[in-house]
Amino acid sequence: MDFSVSRDIIPVNCARQYNTRAIKTIAETNHYNVFSASDRKKILDYLRDSTNIYDLALVFAFQLCCRAGELRAFHWEDLDGDDDFIIIRREIVLRPDEQGKNHFIEVLHTKTGNDFGVRKQPLNSTAKETLNTIRRIYGGDSTYIFTSRNGKFLYETPLGRHLRAACEGACVEPRSIHKIRFWMASA
């Protein structure tokens with residue numbers, strides 16, 4: 001429906017008025033299998049000296065409670081103060097075009113789809129150091145903090161590959177990028 005609104009096919013996405021967070025969709029017996037504090041430390045130690053933008057994105061992700069699509073959509077303008085906070089207000093999502101082919105696009109909302117999804121999170125010293133490393137190596141001239149060679153946002157598949165490699169290098173059971181957010185929520 002967001003696509004239809006963006007193409008002026010319909011005036012408003014009426015689905016946004018419903019609170020879908022109240023709908024229970026996960027079985028109570030579901031086990032999240034999140035990263036442990038020990039896993040996190042091992043991965044961060046493994047990535048400590050990396051200057052690869054995907055690895056830096058992973059280090060940053062372990063400092064926040066954000067979704068992968070939100071991480072990939074961070075703009076330099078989302079930083080507040082002297083990099084003391086980051087405002088989470090958009091995400092990268094997969095949407096079909098007119099021919100039905102899926103493309104990643106940036107949308108100006110988070111998964112919750114309303115103003116409650118916009119949040120301001122404090123940045124710790126590791127997150128700030130990561131930003132300084134990115135500025136030093138990659139510059140801060142692009143729109144996105146975590147930018148690919150072509151100046152666009154990072155893609156999720158290579159980000160997942162880098163996480164898998166970091167897990168294997170740190171001798172940690174590989175998990176998906178979404179488990180980083182689950183770790184933060186559990187912590």
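The values are calculated or read from the model by the stated rules, or taken from the named source; none is laboratory data. Quick caveat: nothing in here was measured; it's all calculated off a predicted structure. Positions of Cβ are backbone-derived with ideal geometry, glycine not excepted, and every protein chain shown enters the neighbour counts. For accessibility, only protein heavy atoms count, side chains too; no ligands or nucleic acids. Shrake-Rupley method; radii C 1.70, N 1.55, O 1.52, S 1.80 Å.
Residue-level analysis places Ala187 among those that are open to solvent by 40 Å² or more (accessible area, probe 1.4 Å), closer than 19 Å to Ile88 by Cβ and small (Gly, Ala, Ser).
Can you find a residue that is open to solvent by 60 Å² or more (accessible area, probe 1.4 Å) and either modelled with pLDDT under 80 or among the aromatic types (Phe, Trp, Tyr) (or both) anywhere in region 82-100? Yes, region 82-100 contains a residue that is open to solvent by 60 Å² or more (accessible area, probe 1.4 Å) and either modelled with pLDDT under 80 or among the aromatic types (Phe, Trp, Tyr) (or both).
Identify, please: which residue in region 113-133 is small (Gly, Ala, Ser), farther than 22 Å from Gly151 by Cα and open to solvent by less than 20 Å² (accessible area, probe 1.4 Å) and is, among those, modelled with the lowest pLDDT?
We begin by selecting, within region 113-133, every residue small (Gly, Ala, Ser); these are 113, 117, 125, 127.
Subset that is farther than 22 Å from Gly151 by Cα: 113, 117, 125.
Still in the list and also open to solvent by less than 20 Å² (accessible area, probe 1.4 Å): 113, 117.
On the way: Gly113: 65, Gly117: 70.
Step by step, filter region 113-133, then rank; the result is Gly113.
Scanning region 15-36 for residues that are at pLDDT 70 or above, surrounded by 10 or more Cβ atoms within 10 Å (Cβ to Cβ) and not in a loop (DSSP other than H, G, I, E, B) returns Ala15, Arg16.
Suppose we filter Tyr155, Tyr138 for residues that are more than 30 Å from Cys14 (Cβ to Cβ) and touching a Leu at 6+ places or on another chain (Cβ under 9 Å); which single one remains? None of the others qualify; the one that does is Tyr138.
Residue count for region 137-160, restricted to those that are more than 14 Å from the chain's Cα centre (by Cα) and open to solvent by less than 70 Å² (accessible area, probe 1.4 Å): 5.
Of all the listed residues (Ile92, Ile86), the sole one being touching a helix residue (DSSP H, G or I) at 6+ places or on another chain (Cβ under 6 Å), in a strand (DSSP E or B) and closer than 21 Å to Asn52 by Cα is Ile92. The single condition from (1) part of a helix (DSSP H, G or I); (2) surrounded by 15 or more Cβ atoms within 10 Å (Cβ to Cβ) that Thr110 fails is (1).
Let me confirm something: among Ile134, Ile105, Ile87, which residue is of a type in the set (Val, Ile, Thr) and more than 14 Å from the chain's Cα centre (by Cα)? Show your work before the answer.
Numbers: Ile105 fails: more than 14 Å from the chain's Cα centre (by Cα); Ile87 fails: more than 14 Å from the chain's Cα centre (by Cα).
That would be Ile134, the only listed residue that is of a type in the set (Val, Ile, Thr) and more than 14 Å from the chain's Cα centre (by Cα).
Against the numbered list (1) at pLDDT below 95; (2) more than 19 Å from the chain's Cα centre (by Cα), Leu64 comes up short only at (2).
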